[in-house]
Amino acid sequence: MQPTEQALPLTLPALDFDHNAATAWGHSLSQRYNEATPFPHIVLDNFLHEDLIASLCAHFPVEPTHNEMLYERGYKGQSKRQISPLECDAHLKAVFNAFNSAPMLLFLESLTGIQGLIPDPYFTGGGLHETKSGGFLGVHSDFRLNKKLKIERRINIIIYLNQDWREEYGGNLELWSPDMKTCLKKILPIYNRCVIFNTDKDSNHGHPEPLTTPEHVTRRSIALYYYTSGMTAADPSQRNKTHYKPRPKDLLSLNYHLNKLLRKKN
C-alpha cells in the first residue's frame, strides 16, 4: 500500500491545526474514499506527524485507568481493553480534543461529503483500545444511535499505534460484504496507519481472528466516532447496540453457537 504524501495538518507542541490545509486534503481524497468497496472508506499511512504519533504511544496508559472497560465476551470482544480519554493525562486529553475540533470535522466533511458532522465529547465506545494476545473482535456493524446525545453515527476513524507490527501477528481489520459471505479486504494494523469509513447497517468490519502476538505485544489503536443530527437519529427504532454478524465458518462452529446460547441465558 502506497503511503500518503501528506499527514494530517495537526502539529506539536501547540497542537496547531490548519483548517484550510485539512479541508483541501480531504477534498483531494474524496473520490478515492467514496468509490471504495465494500463501503466508502480509505486507508492512509503516515497519517499523523511523527512527533505526534510518537507522543501518543509514549503516553498510552500502561496501568489501569478509572472506569475503563474490559471485554471477555467471546465473539463480541475478547481480551480487549477500552480506555476513555477523559481518564487519561493532560497530553492525551488535549490531542483528543483536537480530534474533536472544527478542523478535523472540516477534513472529514470534505473527505466523505457528509455535512454537519458532530463529535462526541464523551467518546462513547471510542478512545484508546488495546487487545492482548489471543484476543479478537467479531465482525459487526456498529451501533447507529448515540442514546445520550440522540444523534446518528456516520463515520469511524481507527488510528493504529503498533510499532514493529509483524504480519504473522495477525490482527487484520477485515471488511466484509453486506451479505456476510465474503471478506473483501484485510488491513494490517501497522504503526501510524489510519482507516476511515462510513458507518451504516452494512459496514461489516472486525478483527475476528485471534492475535498470535507474543504475550508482551498488544494491538493498540485510537477509535473516533462522528455523528450527524436529524429525525432518523431521534427515532427510537434506530439500533443503539452493536450488531455482531457470524462469518460462514462461524455458523459451522459449535463453540460459536454454545457461546451465543450462554450469553442468552446470562
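Readers should treat all values here as calculations from the given coordinates under stated rules, not as data from a laboratory. Quick caveat, the model's predicted, so the values are computed rather than measured. Please note: Cβ atoms are built from the backbone with ideal geometry, for glycine as well, and neighbour counts cover all protein chains shown.
Quick notes on this structure:
- Point-to-point label distance, LEU70-LEU149, nm (Cα→Cβ direction, 7 Å offset): 2.9
- DSSP loop GluC sites (Glu not before Pro) with at most 10 other Cβ within 10 Å excluded, longest remaining stretch of the chain: 36-214
- 222 nm mean residue ellipticity, helices alone, for the chain (DSSP H n ≥ 4; -39,500 (n - 2.57); rounded to 500): -7500 deg cm²/dmol
- Taking 0.36 nm per residue of sequence separation and removing the Cα-Cα distance, the GLN163/ASP18 pair yields an extension gain of 49.5 nm.
- Calculated from the alpha-carbon coordinates, the chain shows an Rg and a Dmax of 17.9, 54 Å respectively.
- Top of ASP45, ASP16, ASP200 by mean-square fluctuation, Gaussian network on the chain, Cα under 10 Å: ASP16
- The mean sequence separation of alpha-carbon pairs under 8 Å and at least six residues apart, normalised by the residue count of the range 10-265, gives a relative contact order of 25 percent.
- Proxy reagent accessibility, fewest Cβ within 10 Å first, across MET180, MET104: MET180, MET104
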